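This report refers to the structure that appears directly beneath it.
The values are calculated or read from the model by the stated rules, or taken from the named source; none is laboratory data. Just so it is clear, the model here is predicted, and its values are computed rather than measured. FYI the Cβ positions are ideal-geometry reconstructions off the backbone, even for glycines, and counts take in every protein chain you see.
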């Protein structure tokens, strides 16, 4: 995760889908490419990132040496956090609002109010394939990461992104870290 000037103006914002003009400061969010031994970047306008992924943007702003335009406005937007759980980028941890979702690994229902891990998955609608969230029990996540991520480095990057996107308390992070760490 880092802040950088847009070199060409060709990249579109992950949040609003509009191009990021050449020379404008943008947020580059790293993520592990599924099924590959590589890392990619998703780009955001700073305000879009402040509204959708405040945790990772705050981390990137803390390490950036240059001047950040409208820093006060960005910090105010980050303080509000995502407006609803559905606005959080994937992957993230939240609490199941109902008991209807099923775990993608064990196919058992995820109990209402319990932690669940939301990951991006492909959904075949019959006429086209789209992407959307899929859910995992925390205890089933290790099996999912071993099947879907290339190596321990990409798992570490993925886990860091998971926690950065989630807004968890320290006790929740400690509890989930214990569950997600291989024995």
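Given the structure, is residue 31 in a strand (DSSP E or B), modelled with pLDDT of 85 or more and closer than 27 Å to residue 133 by Cβ? Judged against the criteria, residue 31 is not a match.
Taking (1) under 24 Å from residue 53 (Cα atoms); (2) free of Cβ contacts under 8 Å to residues at least 24 places away in the same chain; (3) outside any helix (DSSP H, G or I) in turn, residue 156 satisfies each apart from (3). Looking only at region 34-59, residues that are touching a strand residue (DSSP E or B) at 6+ places or on another chain (Cβ under 7 Å) and either surrounded by 14 or more Cβ atoms within 10 Å (Cβ to Cβ) or in contact (Cβ under 8 Å) with a residue 12 or more places away in the chain (or both) come to 11 in all.
Of all the residues in region 11-24, those that are loosely packed, with under 12 Cβ neighbours inside 10 Å and at pLDDT below 90 number 1.
When 120, 111 are checked against the criterion of being within 16 Å of the chain's Cα centre (by Cα) and surrounded by 11 or more Cβ atoms within 10 Å (Cβ to Cβ), 120 stands alone in meeting it.
Can you tell me which residue within region 72-95, out of those that are in contact with a strand residue (DSSP E or B) (Cβ under 7 Å, 6 or more places away or on another chain) and either at pLDDT 95 or above or surrounded by fewer than 17 Cβ atoms within 10 Å (Cβ to Cβ) (or both), is nearest to residue 145 (Cα to Cα)? Per the stated criteria, the residue is 95. On the given criteria, is residue 17 more than 30 Å from residue 113 (Cβ to Cβ) and not assigned by TED's automatic domain parsing to the domain that holds residue 133? Taking the combined requirement at face value, the residue satisfies it.
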